[in-house]
Amino acid sequence: MTRLERPLAQGLSKVTGFALGPYQTAVVRIGFAATWLFFLLRELPHRHEMYGPDGPWGWDMARQLISGNGAFTALMWSDGRIWFEVVYALAILSSALLALGWRTRTMSVLFMIGVLSLQNRSIFIGDGGDNVIHLMATYLVLTRCGQVWSLDARRAARARAGDVDRVGPVLWCALGVGLSAVTFMGELSGGWLLIFWGLWLVHGLWWAVGRRAPHSELRKLLDVIANLTHNAGLLVIMVEACLIYATAGWYKIQGSRWQDGTAVYYPLNLDYFSPWHALSELLSSNGLILMLVTYGTVAVQVAFPFTLFNRRVKNVLLAAMIFEHAVIAVVLGLPFFSLAMITADAVFLPESFLRRVGGWVARARGALISRTPLSRTPLSRLALRDLTPSRQQRPAGRRDEEPSEHARVGFTP
């Protein structure tokens, strides 16, 4: 093997043999699912005006628009209130379960359906963060985002100890019946029909091969394909985040208000973006702070994609952008936009830092559980023991089937 072929072979082996960035994709999964969940819960009293039959963007207008652009939304299958409530409830449920990491392969698809159904129903509602969630919900379907910090990781550890999965086949069959009904009614176009049926068949094949022939060549091939798809999806998420910042920065450079350093002044003096008037007045009255924030925002956004090759500089700019979005959430009253952007930024966080944070959370949760009166009862100790098999409960002499480090770090006890 030549000097050029060796690194190429190592890189190819790494891309096909591992699903890279398990902690980064877990953060993206939890962040976007939680952001969408909190948004849906906050707008629960206003859901009919925003996405339902009482909104200014009527069902007929939405159907006319969608017939032209071919966007997907399940809310166009019926204009009834009951169907709207079902879709909204399923969007909330899928977001919560995806954040917890329960059946992430299935929930990521249902999460995407919920996001597209509501956002494409009323396209003029949003603050910019909805566009990021819209894109990332699609990309998450490609990733293996439940490797760590998920109920799936805990279930995988139990499966290695001999547990049999009975919920998965039942869920797969139920979704197959629902997809068959939708197909029979003719509500799906050719492209979406191919996507949903393809995902359903792939999930079934994955379970069947893993159940019947877990060490076969076919399973190894499926693992390679899944790793390639995951790594490609992770790369797309990273590129998308870079494009968001690059385009935002270069468009700002062309604006006269950003050039003279006064762009931040104007939103601070709008009532819509001033939940804390005293704080907005304090910031807008200081010309030096306004100029530094304006020029600093442009510099950070334009420079960030070029700093990815230098870890230290990248981490400094990453911390600056996360802090900036946290300030935007408080000062301008845009919490969901800021949460979406912080989650997109988190895909570039170092894995060592994320593992450390996961360890802190796990220790804090363990301390909290140990202090509760219920945890001192024999029944609760038995329940906690059953959640995670001990070394004595695992099959002896099978060190290769021990739960991986991914399954033991973070929220998994």
**Prompt:** For the chain, modelled as a Gaussian network with Cα springs under 10 Å, which listed residue fluctuates most, His277, His325, His134?
**Reply:** His277
**Asked** How big is the shadow of the Cα convex hull of the stretch 126-169, averaged over all directions, in nm²?
**Response** 4.5 nm²
**Theoretical FRET efficiency, 1/(1+(r/R0)^6), r = Cβ-Cβ of Leu201 and Arg81, R0 25 Å, to 0.05** = 0.15
**Message:** Sequence gap at least 6, Cα distance under 8 Å: using those rules, report the relative contact order of the chain to the nearest whole percent.
**Reply:** 23 percent
**Asked** Most mobile of Tyr266, Tyr245, Tyr295 per a Gaussian network model of the chain (Cα springs, under 10 Å)?
**Response** Tyr266
**Asked** In nm, to one decimal, how far is the modelled label at Lys220 from the one at Leu368, with both set 7 Å along Cα→Cβ?
**Response** 4.4 nm
**Fill in**
For the stretch 194-294, the percent of all C-alpha pairs falling in each 10 Å bin, from 0 up to the bin holding the max distance, is 13, 22, 18, 11, 13, 16, 6
**Item:** Kirkwood Rh in Å, taken over the stretch 247-349 so that all alpha-carbon pairs contribute
**Value:** 14.4 Å
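Determine, for Glu324, Glu85, Glu217, Glu43, the number of other Cβ atoms within 10 Å of each Cβ, and report the residues in order from fewest to most.
Numbers: Glu324 19, Glu85 13, Glu217 8, Glu43 16.
Sorted ascending by nearby Cβ count, the order is Glu217, Glu85, Glu43, Glu324.
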**Item:** Net length gained if the chain between Leu8 and Thr229 were fully extended (0.36 nm per residue, minus Cα distance)
**Value:** 77.7 nm
**Dimensionless Rg ratio for the stretch 20-243, taking C-alpha atoms and the 2.2 N^0.38 Å reference** = 1.05
**Net charge over other residues, Cβ less than 14 angstrom from the Cβ of Leu318 (K, R count +1; D, E count -1)** = 0
**Fill in**
Once the in-chain neighbours fewer than 8 apart are removed, the lysines whose Cα is under 24 Å from Lys252 read Lys314
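Readers should treat all values here as calculations from the given coordinates under stated rules, not as data from a laboratory. Small disclaimer: the values here were computed from a predicted structure and weren't measured. Cβ: placed from backbone, ideal geometry, glycine included. Neighbour counts: every protein chain shown.
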